[in-house]
Amino acid sequence: IRDQVTALDGLTEEYLAFARFPKPHFEEESLNHLLGELAGFVRPLAMRQGLTLNMELDPEIPLMEIDRTLLRQAIHNLVKNGMEALSHGGAMTISSRLDGEHVEIAVADTGPGIPQEEAERLFEPFFTTKPQGTGLGLSIARQITDEHGGELSWSSRLGGGTTFIIRV
């Protein structure tokens, strides 16, 4: 019962976040620090799933004007999707990279990749291939990225994994 209540609570929170998206509050923050904290948060679950979690952080990334809570949610949604794609075993890498005036945050997994028939609907609200999914994770991640003036892209090879990149 407790597990179901927790699942329903998470579902309700995703629907509410999508329905009444909060206005971002930008403050100067360390993106690498945010990524390190997020990795520390998901690492115990990754270990229980038999996953390897790698971090590759570019030390040259300056402090940035971001909404820490919202951007963390976007990245967490990408990490959660990657962990679900891996299920048991495999590796995930969270990385940051300074690219001129922009910063890229990549979440890559070694999962099975995304089939073409699913790819066209990835960012559609409520589209999901998971029995327990809401279909809002990627929509919310894209909306948060847009609020930061950035873009969310992805690449995937069947049998070769998937990478999502937030560029801000």
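Worth pointing out:
- Selection of GluC sites (Glu not before Pro), the range 34-77, meeting DSSP coil and at most 10 other Cβ within 10 Å: Glu60
- Heavy-atom SASA rank of Thr69, Thr163 (probe 1.4 Å, accessible area, largest first): Thr69, Thr163
- Charged-residue dipole, Cβ positions (Lys, Arg, Asp, Glu), the range 24-168 about Cα centre, Debye nearest 20: 740 debye
- Of Asp3, Asp146, the order by accessible heavy-atom surface (1.4 Å probe, DNA, RNA and ligands excluded), from most exposed downward, is Asp3, Asp146.
- Ser153, Ser95, ranked by accessible area, largest first (probe 1.4 Å): Ser153, Ser95
The values are calculated or read from the model by the stated rules, or taken from the named source; none is laboratory data. Fair warning: this is a prediction, and the values are worked out from it, not measured in the lab. With ideal geometry, Cβ positions are generated from the backbone for all residues, glycine too; neighbour counts draw on all protein chains shown. Remember, those area values only see protein heavy atoms, side chains included, never the ligands or the DNA or RNA. Shrake-Rupley method; radii C 1.70, N 1.55, O 1.52, S 1.80 Å.
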